[in-house]
Amino acid sequence: MAQQRVLVIGGGLAGLAAAMQLAESEIAVDLMSLTPVKRSHSVCAQGGINSVNNYTRQQGDSEWEHFKDTVYGGDFLQHQPPVKEMADWAPRIIDLMDRLGVPFNRTAEGNRDQRRFGGTLYKRTAFAGATTGQQLLYALDEQVRRWETAGRIKKYEFWDFLGPILDEQGVCRGGVAQDLVSMEIRDFPADAVVLATGGCGLIYGRSTMSMACTGSAVSRAYQAGVKYGNGEFIQVHPTAVPGADKLRLMSESARGEGGRVWVPRKPQDPRPPRQIPEAERYYFLEERYPKYGNLVPRDIATREIFSVCTKEGLSIDATRLCVYLDLTHIPRATLDAKLKGILEIYEKFQGVDPRDEPMKIFPAVHYSMGGLWVDFEKHAQTGGLVLNSPRNQQTNVPGIYAIGECDYQYHGANRLGANSLLSCIFSGLIVAGTIRTNLKNIPGKAAADQPAGLFSQAVRYHQERHNQLLTRPAGRENPYLLHQELGLLMTKVATVVRENKLLAAAIDQVAEMEERAKQCSLSDTGAWTNQNVVFTKALLDMFPLAKLILRGALQRDECRGAHYKPEFEFPGLTATDSAEKLAQAETWCDRFEENTRRWLKSTIATCGPNNDPVITYEDVDTSLDTPRPRLYGLVGADTIEQVWKKRQEQRASRPLGGANGHSPSQMAGNPVPAKLVAT
């Protein structure tokens, strides 16, 4: 039998972690990336990486608290066993990265410094200045280079994944890819294909994501039969810097180090911000969320900033929407030691030193909570994962795996800051055990021993598609203008506030754009480094994902995490009389339970005819922490919580299999699936 190989698509943190771990297991790896791996989008991550640590343990923190904050922040939409396993591994992952040479910031005593991020009250976030993603990426890249030298990893940079190769049984036997320099299209036989290709923010046009984040590789897998989960959950980061070319992230770490968000109480106050007295400033996050202050979860901070600017008319500029993010009260030495990287970005592109003047920021599309559907196997005793299970991180198509931002498993309806780097490295490490198990059990021949016709046929299909694009008549649709049109539409209807009427209309508009995109003509028909044809292919593959985002958002009639429809919002309590307030709280909890019964489910999209999504729903495993109301800053939250706890205590006191035969978790509206089946 020929040597078994694994094809890893994507050179960010998840891809590098997987490649490193596979190589250590003596498995041959082909590592493919659109860009040099050291320029993968992970390099843009700024703030840090989460885990419980010695400092927070002294305050009562634990891996369990990290898990609970993550599922609460995610509005309970993620399966809980993978999240628990990730939280349990987090301290070991940071120790590993420390040993690999990541220059984490240190205290004067030599301990790793920590900062607080949104959605938690603990300082769990380890960081390396404001370039944590870059430092983690470079550390893993060094390990990959070591195994590359040893001959276990072969790297293919500047290659574009065009699609998987499936045999007659629907098993993945490798992939087809294109060299972005010579434009050669060739096959890569592989016994496992791992997608670690990040998010799809370019569907929204301008975002905080890199130009490589088109979602094309994921879309190609989706069109080949891989299911897609929770596509409608797109994170809009509360603090970004508007730009003509793209929107640059201003990390949550700025607020973690004490940054304050505010607007003048007088609309469009013309005075320079530092001349506006404290009493005339509106620190709206601190006033409305005194417990979390400026570090409420991102979905809430984003909606508040959006609302202050659009509904309350308090944007600081009359001509554009923005609020102040103020660091000027923090000593310069502290800012330079902990945030220098991001402050230099602001200074370079805005021409203002944020150490002296408050920054002007506004929310921007930032992250995909949804992604390719992946399986897991729950450990009966620990509640986490069965490590090395053949199911962990595998999609519904045998032989295709997804990790990092392009899988849907870890963040639910809203990702907490500094959990993304953790989930990328964690999923990259554990997928290696899954693949190691599965490679041992592959019956018959290795992928390289499959009939040559299987691979040549796939290459021929993609070559013909490529040639057809190059030979289209000139003067038809412009792919760049069409992309701009798509981005404006998606930003308008599927970001902070969503309305069914607009979503329904947008589905038709995107379908019409998709038809027009089939008429795109190219200005460059050359056969050498042709970026025009590469972008046009990526554009064509954005439409299936745009459709599933819109369809999932239209059908989900509720508010959950980043998905917000005002008509389905649960308002706070209005009563002042205590008895009436209790009655309102009972009604509120009744409505919450009914909504949970109906909507606490993963949205699963399957690619149908004309790339239209077929939507189904899957129960969420909430067997570890019973879902409860998410009450950040809600008026009457104390009373609602009081009623909710009383209900839970009453249910817990009943014997299991009692009046209605449901477990406490099921009575809260969340039946635990006996088995998650990959179909």
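The values are calculated or read from the model by the stated rules, or taken from the named source; none is laboratory data. All values reported here derive from a predicted model rather than from experimental measurement. No Cβ is skipped: glycine too gets one built from the backbone with ideal geometry, and neighbour counts run over all protein chains shown. When the accessible area is computed, the model is the full protein with side chains, heavy atoms only, and any ligands, DNA or RNA have been set aside. Shrake-Rupley method; radii C 1.70, N 1.55, O 1.52, S 1.80 Å.
If you go through the range 200-215 one residue at a time, do you hit one that is touching an Asp or Glu at 6+ places or on another chain (Cβ under 9 Å) and not in a loop (DSSP other than H, G, I, E, B)? Within the range 200-215, not a single residue is touching an Asp or Glu at 6+ places or on another chain (Cβ under 9 Å) and not in a loop (DSSP other than H, G, I, E, B). A residue that is in a helix (DSSP H, G or I), buried (at least 21 other Cβ atoms within 10 Å of the Cβ) and more than 18 Å from the chain's Cα centre (by Cα) occurs somewhere in the range 95-116.
Residues that are without any contact (Cβ under 8 Å) to a residue 24 or more places away in the chain and open to solvent by less than 60 Å² (accessible area, probe 1.4 Å) were ranked within the range 273-288; the one that is nearest to the chain's Cα centre (by Cα) is 283. Within the option set 649, 641, 618, being open to solvent by less than 40 Å² (accessible area, probe 1.4 Å) and acidic (Asp, Glu) holds for one residue only, 618. Taking the criterion of being open to solvent by less than 20 Å² (accessible area, probe 1.4 Å), in contact (Cβ under 8 Å) with a residue 60 or more places away in the chain and part of a helix (DSSP H, G or I), the residues of the range 510-533 that qualify are 514, 533. Taking the criterion of being out of contact with any helix residue (DSSP H, G or I) (no Cβ under 8 Å at 6 or more places or on another chain) and either open to solvent by less than 30 Å² (accessible area, probe 1.4 Å) or closer than 17 Å to residue 148 by Cα (or both), the only residue of the range 36-54 that qualifies is 36. For the residues 445, 501, the requirement of being charged (D, E, K, R) and either without any contact (Cβ under 8 Å) to a residue 40 or more places away in the chain or part of a helix (DSSP H, G or I) (or both) singles out 501. Filter the range 346-367 down to the residues that are assigned to a helix (DSSP H, G or I) and open to solvent by 60 Å² or more (accessible area, probe 1.4 Å) and list them by number. If the condition is that a residue be assigned to a helix (DSSP H, G or I) and open to solvent by 60 Å² or more (accessible area, probe 1.4 Å), then 347, 348, 349, 350 are the ones that fit. Might you let me know whether the range 312-335 holds any residue that is open to solvent by 30 Å² or more (accessible area, probe 1.4 Å), under 26 Å from residue 114 (Cβ atoms) and among the acidic types (Asp, Glu)? No; the residues of the range 312-335 include none that is open to solvent by 30 Å² or more (accessible area, probe 1.4 Å), under 26 Å from residue 114 (Cβ atoms) and among the acidic types (Asp, Glu). If we scan the range 434-441, do we find a residue that is open to solvent by less than 10 Å² (accessible area, probe 1.4 Å) and at pLDDT 95 or above? Scanning the range 434-441, I find at least one residue that is open to solvent by less than 10 Å² (accessible area, probe 1.4 Å) and at pLDDT 95 or above, so the answer is yes. The number of residues in the range 190-212 being closer than 19 Å to residue 409 by Cβ, among the hydrophobic types (A, V, I, L, M, F, W, C) and touching a helix residue (DSSP H, G or I) at 6+ places or on another chain (Cβ under 8 Å) comes to 5.
Taken over the range 129-167, the criterion of being modelled with pLDDT under 95 and either of a type in the set (Gly, Ala, Ser) or open to solvent by 50 Å² or more (accessible area, probe 1.4 Å) (or both) is satisfied by 129, 130. Could you please let me know if residue 19 is within 22 Å of residue 410 (Cα to Cα) and in contact with a helix residue (DSSP H, G or I) (Cβ under 8 Å, 6 or more places away or on another chain)? It is true that residue 19 is within 22 Å of residue 410 (Cα to Cα) and in contact with a helix residue (DSSP H, G or I) (Cβ under 8 Å, 6 or more places away or on another chain). Per the conditions (1) within 25 Å of residue 301 (Cβ to Cβ); (2) assigned to a loop (DSSP other than H, G, I, E, B); (3) out of contact with any Asp or Glu (no Cβ under 6 Å at 6 or more places or on another chain), the sole criterion not satisfied by residue 414 is (3). Residues that are in contact (Cβ under 8 Å) with a residue 24 or more places away in the chain, in contact with a Ser or Thr (Cβ under 9 Å, 6 or more places away or on another chain) and farther than 18 Å from residue 487 by Cβ are absent from the range 535-542. Does residue 491 satisfy the criteria of being exposed (fewer than 14 other Cβ atoms within 10 Å of the Cβ) and touching a residue at least 12 places away in the same chain (Cβ under 8 Å)? Judged against the criteria, residue 491 is not a match.
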